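Read the structure below first, then the notes.
The values are calculated or read from the model by the stated rules, or taken from the named source; none is laboratory data. All values reported here derive from a predicted model rather than from experimental measurement. Positions of Cβ are generated from backbone atoms using ideal geometry, with glycine treated the same way; all protein chains shown enter the neighbour counts. Note: accessible area is taken over every heavy atom of the protein model, side chains too, but ligands, DNA and RNA are not part of it. Shrake-Rupley method; radii C 1.70, N 1.55, O 1.52, S 1.80 Å.
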Amino acid sequence: MPAWLTRNVRVLSAVSFLQDAASELLYPLLPIYLTAVLGAPPSVVGAIEGAAEGAASLTKIAVGPLGDRFAKRPLIATGYGMAALGKVIIAVAAAWPGVLVGRVVDRLGKGVRGAPRDALLVEGIDTSLRGRVFGFHRAMDTLGAVVGPLLGLAGYELLDHRIPPLLYIAIVPAVLSVLLVVLVRERPRDGRRTRHEKQSGGLRELPRRFWRVTALLVGFGVVNFPDALLLLRLNEIGFGVVGVILAYVGYNLVYALASFPAGMLADRLPRPVVFGFGLVFFAVGYIGLGLTTDAVTAWLLLAAYGLFTACTDGVGKAWISTLVAADRQAGAQGLFQGCSGAAVLVAGVWAGLLWGADGHLPLLISGVAGACFAVVLLGPWVIRRAR
């Protein structure tokens, strides 16, 4: 077995697979459930998702430093437990405010678990192998995003288009993911805490290179709007409900299959270069979706977008992990991921305001901006290779 494929990598990847299967079983169906079953207006759908993602972003920033000061496994278990509880609240909700509470609790759980989990994933693993670690984890996590919507779609058809029973089914893999956390192992912490460890979070001590990279990647996040808007664009092109769900599954399948090869590539090439390749795919996907009205072309462009996510999500985390010391991993990941999530929320706001009748304008703006960021990351490498 490869040295990087540790017990924690295997267990935490399985945990993420189960939790994402539960979350993504619900994700494509919740807008329909809120509007058609609970009678909520479309504006409420956006408000719920905005509140949920905002809560997750703020929690990542706040909880990350705790993972450097205290044991990580209890934080991870708490986060996955909150996600399972959120799904229970959604299932029993009789009105949209209950769904709002459930989604916020669910996403708060994501904020609590994310940074400590990512820090524990690379514990004791050489920096030269971390692309593989995060690539494997993202592949397993995203396979859950393939299985979940397919289960949801199958259940939707088998249960005569009744959504409420599916909400209860989603609780099962969510609870199983919490139970699996007991298999995670964490190195015992030294009971003696130094003055260095007692400082609040230690974020001021993060190196300048971390801040430079984080500023660049968060800057890109401001043009990377939520996937829900891409699904809306597919609907405007002519995709029905089933077509949108299947297209979303196809995107996640490409993302899952390409994540580990992208992680391996990031262990061979400079990580900014692999991230830059991802931004090229981003530009192709966004600009293409902004211009096309053809369904087949849209499928291909969504596949390109899946390659973008594969080349940036796990690679970005691996890149960040190499910029800070071992005792600052959780705080650094929490700050990076929280600020990135906040940037995506900002992107969703301005893109929504400019969306208009078909969304082509914000797609083109973001695609061009993504191409500019790609030039920033790939330009120096191309120049060096040309010499």
Q) If you take the residues in segment 313-340 that are among the β-branched types (Val, Ile, Thr) and open to solvent by 10 Å² or more (accessible area, probe 1.4 Å), which one is nearest to Arg208 (Cα to Cα)? A) Val324
Q: Report, by residue number, each residue of segment 263-272 that is open to solvent by 60 Å² or more (accessible area, probe 1.4 Å) and small (Gly, Ala, Ser).
A: none
**Q.** First in segment 82-93 and free of Cβ contacts under 8 Å to residues at least 60 places away in the same chain, second anywhere and crowded, with 24+ Cβ neighbours inside 10 Å and outside any helix (DSSP H, G or I), Cβ under 7 Å, 6 or more apart
**A.** none
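Results for (1) more than 22 Å from the chain's Cα centre (by Cα); (2) open to solvent by less than 40 Å² (accessible area, probe 1.4 Å); (3) under 21 Å from Ser23 (Cα atoms), shown as yes or no for each residue.
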{"residue": "Leu121", "(1), (2), (3)": "no, yes, no"}
{"residue": "Leu129", "(1), (2), (3)": "no, no, no"}
{"residue": "Gly135", "(1), (2), (3)": "no, yes, yes"}
{"residue": "Leu151", "(1), (2), (3)": "no, no, yes"}
{"residue": "Ala154", "(1), (2), (3)": "yes, no, yes"}
{"residue": "Ile163", "(1), (2), (3)": "yes, yes, yes"}
Q.
Checking Leu279 against (1) part of a helix (DSSP H, G or I); (2) within 27 Å of Pro261 (Cα to Cα); (3) open to solvent by 10 Å² or more (accessible area, probe 1.4 Å), only one condition comes out false. Which one?
A. (3)
Q.
Looking for something of a type outside the set (Gly, Ala, Ser), open to solvent by 60 Å² or more (accessible area, probe 1.4 Å) and assigned to a loop (DSSP other than H, G, I, E, B) - is there at least one such residue anywhere in segment 285-301?
A. yes
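Listed here are the residues, each with its yes/no results for (1) within 17 Å of the chain's Cα centre (by Cα); (2) more than 26 Å from Asp20 (Cα to Cα).
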| site | (1), (2) |
| --- | --- |
| Glu236 | no, yes |
| Phe239 | no, no |
| Phe260 | yes, no |
| Met264 | no, no |
| Pro272 | no, yes |
| Phe281 | no, no |
| Thr292 | no, yes |
| Thr297 | no, yes |
| Ala310 | yes, no |
Q. Scanning for something crowded, with 17+ Cβ neighbours inside 10 Å, outside any helix (DSSP H, G or I) and touching a residue at least 40 places away in the same chain (Cβ under 8 Å), does segment 239-262 turn up at least one residue?
A. yes
Q: Please find, among Ala310, Ala343, the residue that is open to solvent by less than 50 Å² (accessible area, probe 1.4 Å), over 20 Å from Val63 (Cα atoms) and among the hydrophobic types (A, V, I, L, M, F, W, C).
A: Ala310
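Among the candidates Ala347, Ala357, which residue alone is among the aliphatic types (A, V, I, L, M), touching a helix residue (DSSP H, G or I) at 6+ places or on another chain (Cβ under 9 Å) and not in a helix (DSSP H, G or I)?
On the way: Ala347 fails: not in a helix (DSSP H, G or I).
Residue meeting the stated conditions: Ala357.
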(Q) Testing Leu323 on (1) within 30 Å of Gly238 (Cβ to Cβ); (2) part of a loop (DSSP other than H, G, I, E, B); (3) modelled with pLDDT of 90 or more, one condition comes back false. Which one is that? (A) (1)
